[in-house]
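Trainee: Dropping the structure in here first, questions after.
The values are calculated or read from the model by the stated rules, or taken from the named source; none is laboratory data. Please read these numbers as outputs of a predicted model, since none were measured by experiment. Quick reminder, even Gly has a Cβ in these numbers, built from the backbone with ideal geometry, and neighbours come from all protein chains shown.
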């Protein structure tokens, strides 16, 4: 029987991915589909940590009439809403889940504690990291890179609405070319937008590979876990 090639992963889910075709809020069908895919790989024994974005509710850096720090804190709270929705969907599928937040809100989630997070993973629980790093001016991409380094994850799976990394926006340019693989330095030098530069540099420094793939196709997370060549693979030279 084929076995997963990764033992411990960080799955980064953008807020936009949770919105489905509407582009805002939480689409229940999309949420259920993602939860089904996570359960599928959880049942294979993969240790799963999740970082969820908040762009479907609020994106701090898009607010040019508000103090940036305030806007970013609002974005962090939006990620908590998404994390709780995902936790509910997973636990409805009998997947034990813990939400840990970088901003303490003990009535609804645990505070982020590295050793506790690792212990949850070792016990087969899915851990969802919410509220970013707890600091403004840092994206949830950076959170994914930081948490992956802290918990010694083997890979970051970057689940997006697009199916990989392109040389231009495939929505605007029908002739955009998709990359099968890239090096970290190429992403930085060419400004490809896989992750922000802080997150990409952190992955490069800690040699954490990134796989960018489309979340909207059911079964894609499992395909990645088994090493199928979908999306774009980002690593060192």
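Trainee: Please find, within region 96-151, the residue that is farthest from residue 69 (Cα to Cα) out of those that are in contact with a strand residue (DSSP E or B) (Cβ under 6 Å, 6 or more places away or on another chain) and assigned to a loop (DSSP other than H, G, I, E, B).
Mentor: Filtering region 96-151 for residues that are in contact with a strand residue (DSSP E or B) (Cβ under 6 Å, 6 or more places away or on another chain) and assigned to a loop (DSSP other than H, G, I, E, B), the one farthest from residue 69 (Cα to Cα) comes out as 125.
Trainee: Follow-up. Test residue 233 against the stated conditions and say whether it is farther than 24 Å from residue 130 by Cβ and assigned to a strand (DSSP E or B).
Mentor: Criteria met by residue 233.
Trainee: Moving to a separate point now. Determine, yes or no, whether residue 35 is part of a helix (DSSP H, G or I), crowded, with 21+ Cβ neighbours inside 10 Å and either without any contact (Cβ under 8 Å) to a residue 24 or more places away in the chain or out of contact with any strand residue (DSSP E or B) (no Cβ under 8 Å at 6 or more places or on another chain) (or both).
Mentor: Against the criterion (part of a helix (DSSP H, G or I), crowded, with 21+ Cβ neighbours inside 10 Å and either without any contact (Cβ under 8 Å) to a residue 24 or more places away in the chain or out of contact with any strand residue (DSSP E or B) (no Cβ under 8 Å at 6 or more places or on another chain) (or both)), residue 35 qualifies.
Trainee: When only residues in region 40-60 that are part of a helix (DSSP H, G or I) and in contact with a helix residue (DSSP H, G or I) (Cβ under 7 Å, 6 or more places away or on another chain) count, which is nearest to residue 141 (Cα to Cα)?
Mentor: Only one residue fits best here, namely 60.
Trainee: Can you name the condition, by its number, that residue 133 falls short on among (1) without any contact (Cβ under 8 Å) to a residue 40 or more places away in the chain; (2) farther than 23 Å from residue 205 by Cα; (3) surrounded by 14 or more Cβ atoms within 10 Å (Cβ to Cβ)?
Mentor: Against the list (1) without any contact (Cβ under 8 Å) to a residue 40 or more places away in the chain; (2) farther than 23 Å from residue 205 by Cα; (3) surrounded by 14 or more Cβ atoms within 10 Å (Cβ to Cβ), residue 133 comes up short only on (2).
Trainee: Examine region 168-187 for a residue that is in contact with a helix residue (DSSP H, G or I) (Cβ under 9 Å, 6 or more places away or on another chain) and assigned to a loop (DSSP other than H, G, I, E, B), and state whether such a residue exists.
Mentor: No, because not a single residue in region 168-187 is in contact with a helix residue (DSSP H, G or I) (Cβ under 9 Å, 6 or more places away or on another chain) and assigned to a loop (DSSP other than H, G, I, E, B).
Trainee: Could you please let me know if residue 206 is out of contact with any strand residue (DSSP E or B) (no Cβ under 7 Å at 6 or more places or on another chain) and farther than 23 Å from residue 59 by Cβ?
Mentor: yes
Trainee: Would you be able to tell me the number of residues in region 191-230 that are out of contact with any helix residue (DSSP H, G or I) (no Cβ under 8 Å at 6 or more places or on another chain), surrounded by fewer than 19 Cβ atoms within 10 Å (Cβ to Cβ) and part of a helix (DSSP H, G or I)?
Mentor: Selection size over region 191-230: 2.
Trainee: Just the residues that are touching a strand residue (DSSP E or B) at 6+ places or on another chain (Cβ under 9 Å) and modelled with pLDDT under 90, please, taken from region 179-202.
Mentor: If the condition is that a residue be touching a strand residue (DSSP E or B) at 6+ places or on another chain (Cβ under 9 Å) and modelled with pLDDT under 90, then 190, 192, 193, 194, 195 are the ones that fit.
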